[in-house]
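Since every read-out is calculated from the coordinates, none of them should be taken as a lab result. Source: prediction; values computed, not measured. Note that each Cβ is placed from the backbone with ideal geometry, even for glycine, and that neighbours are counted across all protein chains shown.
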Amino acid sequence: MANLPGGFGQSYRETFWVETGLILLIAWGLYTYSLQFFNGLGVTGLNKPVFWGLYIANFIFCVGLSAGGIAVSALVHILNKEEMKPIAIIAEILSISFLILAALFIILDMGQPTRLLYVIWNANFSSPLLWDVTVINSYLILCSALLFFSARAQVVKSALGHPGRLFIVRFLTLGYTDLSEASLKRDRRVLKTLAIVSVPAAVALHSVTAWILGLVKGQPGWNTPILAPLFISSALASGLAGVIVAVWAARKLFRIDIGDKIILQLGTFLFLSIPVLAYLLFTEFLTVGYSGSPTHIQVLDEILWGRFSRIFWFDTIVGILIPFVLLGLPWTRTPGWIVVASLLVIVGVFAERTYLLLPSLMRGGPFDVTTGYSPTTIEWTIMAAAYAFGLLLFLLVGKLIFPRKTEQEHAVPAPAREQTRWGFQRG
């Protein structure tokens with residue numbers, strides 16, 4: 001590839017084949033989606049009464065990762081942890097990427113994107129579905145504001161000495177390129193306010209998502225008050241795990257100076273969050289098991305011993321027990337094993353989403369309907385392409401905020417590279 005200014009060429013060359021593979025997968029996914037677009041949801045495994053399937057499971061999963069990721073960012077800004085500011089930026093990029101994916105999965109589940117307009121035109125303010133649309137859009141604006149004020153100075157500083165980036169930097173920062181101490185202090189004040197607001201917003205985001213299921217009357221397995229706290233706890237666990245994996249990847253891809261100590265600290269938080277998730281799952285199943293309600297018992301049997309038993313026990317062992325042991329043992333409390341444990345937690349939470357969503361639709365209900373659901377190749381392909389899009393978005397935004405320096409830039413002192421003729425103000 002041709003050399004790009006300011007180290008972008010080196011950074012792009014190192015991830016060129018990864019990005020090429022992601023783009024090809026996205027292109028294949030778009031072709032596959034065209035089959036669903038023109039033929040309808042009949043090409044998927046969705047049916048009656050299983051009207052929600054793989055797309056909605058991914059929607060819930062992505063919302064959780066986003067909410068958990070922004071909780072990490074909020075903690076950094078509220079406590080003024082300057083040494084962890086790159087972690088906050090990575091968490092914010094991750095959260096925005098997964099929020100976009102969550103909205104995308106909703107559109108995929110509708111079959112036709114134009115149907116989203118009906119939600120707006122025929123707004124029913126008593127519907128949790130409208131609540132969720134409102135909260136997701138509001139939360140996306142909040143996350144974008146957090147990323148803007150977190151990364152603004154970083155983007156401007158990384159562009160100093162490279163006039164070719166002047167236009168894009170001014171565009172991305174909305175012309176706000178002031179690097180004076182007063183400006184930086186103002187950014188920190190705004191960030192702290194946004195961080196405080198983001199904590200209850202994250203709780204609202206995943207609570208409303210849980211209420212989409214929990215407020216469905218007479219639906220066995222969903223109509224329980226503990227569903228929202230359970231979703232929030234799994235969001236924190238998966239969000240922490242996602243940030244750990246993203247930080248590890250960012251160290252490799254963007255050469256960010258993030259020490260092992262920070263990954264160990266995040267691993268400790270993840271270790272503490274796993275028992276909370278396990279306790280709420282146990283409480284949910286214990287309450288249902290002793291309720292004596294036939295339809296609820298049917299759903300529980302499907303999860304523990306029936307068609308979803310392998311997924312449930314996989315989550316229990318691989319997604320909860322093994323990561324807890326890896327994070328707790330002194331000889332496995334290393335960055336490498338913490339990343340492995342985080343990946344297992346993410347996979348486990350995704351498995352949890354499926355066995356909390358699907359058994360209630362596949363068995364039980366007011367008419368005791370029993371049916372099956374198997375995602376088709378089209379659903380799996382579109383799902384893979386959606387995550388490829390999210391990963392590509394993460395890579396591109398990350399490289400824009402954390403560009404790699406060339407050898408010449410490392411050799412030149414920073415003050416010599418800063419050109420005030422850009423109009424950037426420095427304190």
Quiz item: If the viscosity is 1.306 mPa s and the temperature 10 °C, what Stokes-Einstein diffusion coefficient in µm²/s follows for the chain when Rh is the Kirkwood radius over Cα pairs?
Solution: 69 µm²/s
Exercise. First measure r as the distance between the Cβ atoms of residue 329 and residue 117, then evaluate 1/(1 + (r/R0)^6) with R0 = 51 Å and state the FRET efficiency to the nearest 0.05.
Key: 0.45
Quiz item: How long are the semi-axes of the ellipsoid equivalent to region 185-251, from square roots of 5 times the Cα gyration tensor eigenvalues, in whole Å, largest first?
Solution: 31, 18, 7
Quiz item: Which FRET efficiency, nearest 0.05, do residue 82 and residue 264 yield, Cβ-Cβ r, R0 22 Å?
Solution: 0.75
Quiz prompt | Neighbourhood net charge (14 Å Cβ-Cβ; Lys/Arg +1, Asp/Glu -1) for residue 351 | solution = +1
Quiz item: So, in nm, how far is label residue 186 from label residue 31 when the simple model puts each one 7 Å beyond its Cα toward the Cβ?
Solution: 5.1 nm
Quiz item: Normalised by the number of residues in the chain, what is the relative contact order in percent for Cα pairs under 8 Å and 6+ residues apart?
Solution: 30 percent
Exercise. For every other residue with a beta carbon closer than 11 angstrom to the beta carbon of residue 188, add +1 if it is Lys or Arg and -1 if Asp or Glu, then tell me the sum.
Key: +2
Quiz prompt | Whole-Å semi-axes of the ellipsoid equivalent to region 148-288 (Cα gyration tensor, √5λ, descending) | solution = 40, 20, 13
Self-check item: Packing-based exposure ordering (other Cβ within 10 Å, fewest first) of 187, 132
Solution: 187, 132
Quiz item: When ranked by the protection proxy of mean other Cβ atoms within 10 Å per residue, highest first, what sequence do the peptides 278-287, 134-143, 226-235, 58-67 form?
Solution: 58-67, 226-235, 134-143, 278-287
Exercise. Just order 146-158, 95-107, 15-27, 330-342 by mean Cβ neighbour count inside 10 Å, highest at the front, would you?
Key: 95-107, 146-158, 330-342, 15-27
Exercise. Quickly work out the residue 107-to-residue 376 label distance, labels modelled 7 Å from Cα along the C-beta direction, and quote it in nm with one decimal.
Key: 2.1 nm
Exercise. Across the chain, how many lysine pairs, 8 or more positions apart or on different chains, have C-alpha atoms separated by under 13 Å? Please give the number.
Key: 4
Quiz item: Which helices pass in the chain if a helix is a full DSSP H run, must span at least 24 angstrom along its long axis by Cα, and must have mean Kyte-Doolittle hydropathy not below 1.0?
Solution: 16-39, 54-78, 85-110, 128-159, 227-254, 260-291, 335-362, 377-401
